[in-house]
1. With each label point set 7 Å from Cα along the Cα-Cβ vector, what nm distance links Glu382 and Lys268?
2. So if I take the alpha carbon set of region 173-398, get Rg, then get Rh from the Kirkwood formula, what is the Rg over Rh ratio?
3. Based on DSSP, what percent of beta bridges with both residues in region 10-152 are antiparallel, to the nearest 5?
4. For the chain, what is the accessible area per residue in Å², given a 1.4 Å probe and the full set of protein chains?
5. Which value, in debye to the nearest 20, gives the size of the charge dipole of the chain about its Cα centre, when Lys and Arg are +1 and Asp and Glu are -1 at the Cβ?
6. Where Rh is the Kirkwood radius over the Cα pairs of region 335-415, the temperature 25 °C and the viscosity 0.890 mPa s, what D in µm²/s does Stokes-Einstein return?
7. At 222 nm, what value in deg cm²/dmol follows for the chain if DSSP H runs of at least 4 each add -39500 (n - 2.57) and the sum is divided by all its residues, to the nearest 500?
8. Nearest-5 percent of antiparallel DSSP beta bridges in region 173-398?
Amino acid sequence: MSEKTNSEILKPIKTRSGGTWPPASPIDRGVFISTYGCQMNVADSERMYAVLEMQNYTQVPSADLAEVIIINSCSVREKPVHKVYSEVGSYRVLKGRNPKLKIGVGGCVGSQEKGNLTKKQPLIDFVFGTDNIDELPEILAKLDDKYKKVIQSQFHHRTPYHIQTMVTQPGVAQFVNITKGCDNFCTFCVVPFTRGREKSRPLQHVLKDFQDFSLKGTKEITLLGQNVNSYKSECGADFADLLEILSRETDLLRIRFTTSHPKDFDQKLVDVMARYQSKLCEYIHLPFQSGNSRVLEMMNRGYTREEYLQKVAMIRAAIPGVVLSTDIIVGFPSETEAEFQDTMSLVEEGGFETIFAFMYSPRPMTKAASFESQLPEDVKSERLQRLFAHHEALADGWVKKYEGQTLQVLVEKFDQNRSNWVGRSTQNKLVYFAGDQFTENLIGQVCPILISKARPSVFRGDLVKL
Ligand code: SAH
Ligand code: SF4
Ligand code: F3S
């Protein structure tokens with residue numbers, strides 16, 4: 001078999017991690033993290049950088065500058081282990097050049113695969129799980145101390161979830177975890193196995209994070225959890241209580257949360273959202289997964305189509321102008337064409353301006369992976385295409401109503417490529433507008449933007465001069 005050329009080997013590094021050829025020299029204690037998956041993983045990568053900075057490591061912008069490369073992986077869908085191996089393989093040339101380079105795999109694949117990873121891919125030096133981020137300095141010290149491989153991916157089931165949120169450079173918009181893990185065991189989902197049992201942070205700790213971020217200039221915080229609305233503080237406060245206290249007692253401009261589970265979305269929560277609308281953004285991500293009650297039962301979701309629609313009606317009645325988005329799985333085992341049509345119609349009835357839709361993919365350890373009547377790939381793929389086309393046609397029309405409206409946009413950054421400011425409206429719309437970064441710095445400001453062009457995923461507009 002012929003050897004790969006350097007340019008072939010380097011290609012993935014260039015695209016994944018922005019390296020150059022020939023590779024730049026590594027920076028002493030430089031660390032580069034490649035992040036996949038959900039916002040939870042994005043927040044975890046921030047924590048990894050922060051934990052390592054305290055040990056004098058420095059964040060670097062590309063893998064070729066690093067002495068430690070971490071792949072923070074996701075295993076929720078298709079061939080995650082494959083993706084990890086292929087990325088690690090792309091670093092072979094860097095490893096050959098610098099024997100001190102350490103390559104690690106963290107995140108959900110780390111929790112799931114543990115020592116299998118180092119056995120199958122010897123370039124991997126260490127593996128850690130979603131509960132072991134704070135152990136990273138210890139893991140790296142062990143490798144310096146001549147351990148050949150380190151695997152630290154056990155869950156800390158008994159330890160309470162008492163942490164402080166850590167980031168290296170707080171931005172205008174930040175994530176704050178309030179729960180971790182999940183106890184719902186939807187039959188398709190690997191997360192309960194990769195993130196462990198559900199735990200909530202004490203309310204006082206979350207409040208302290210808010211106060212700290214606010215002092216550092218953060219304007220918007222998104223509360224994170226696999227199921228934020230099953231939050232339960234040690235003092236007995238539930239998610240609605242938490243939102244109320246955060247809205248009342250902190251001076252953040254905006255609060256968001258994701259993901260909420262339909263079965264736990266109740267009137268008390270809706271009432272708090274309505275009461276504190278000035279702070280609690282009128283945007284809710286409420287995954288329905290399937291529009292058919294038989295499929296929902298097989299998924300173990302804990303609600304029927306009718307119950308889901310009742311929750312939507314309750315939310316819309318209390319919060320005028322609320323924007324809903326959702327997650328959908330097509331081609332769940334045994335899903336018929338008629339049942340898929342129920343999903344198509346729920347997209348319309350629910351009025352979701354944004355959808356995140358996926359083909360069902362069997363995951364290890366999950367119940368649905370062993371269900372009979374797994375559907376062929378071409379059926380799943382064809383349903384997904386139809387769903388996207390159906391939604392796009394609907395959403396294109398729905399978002400037209402924003403054209404001519406003025407939305408309040410919290411500016412997050414200046415996009416150099418488009419020479420535009422970019423930020424989000426309270427409805428979570430990504431909005432671009434023209435401006436000059438040299439005459440005025442708008443980052444962190446809320447600007448009134450008159451929307452001229454609205455597409456389902458991105459809006460354009462102009463700053464309204466007051
Ligand atoms: N906790 C969230 C979901 C987290 S996973 C919730 O309950 O809503 C994010 C999304 O990935 C899920 O909502 C689901 O739509 C999708 N997903 C999870 N497992 C999947 C699988 N096995 N195949 C395809 N999509 C999946
Ligand atoms: Fe997965 Fe269901 Fe938990 Fe969401 S609620 S993380 S879909 S098991
Ligand atoms: Fe992926 Fe783990 Fe998030 S499987 S979606 S990174 S919880």
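The values are calculated or read from the model by the stated rules, or taken from the named source; none is laboratory data. This is a predicted model, so every value here is computed, not measured. Note that each Cβ is placed from the backbone with ideal geometry, even for glycine, and that neighbours are counted across all protein chains shown. With ligands, DNA and RNA removed, areas are computed over all heavy atoms of the protein, side chains included. Shrake-Rupley method; radii C 1.70, N 1.55, O 1.52, S 1.80 Å.
1. 4.8 nm
2. Result for region 173-398 is an Rg/Rh of 0.99.
3. Once the DSSP bridges in region 10-152 are tallied, antiparallel ones form about 0 percent.
4. It amounts to 45 Å² per residue over the chain.
5. Dipole size: approximately 980 debye.
6. Answer from the Stokes-Einstein relation: 157 µm²/s.
7. -10000 deg cm²/dmol
8. Rounded to the nearest five, the antiparallel share is 10 percent.
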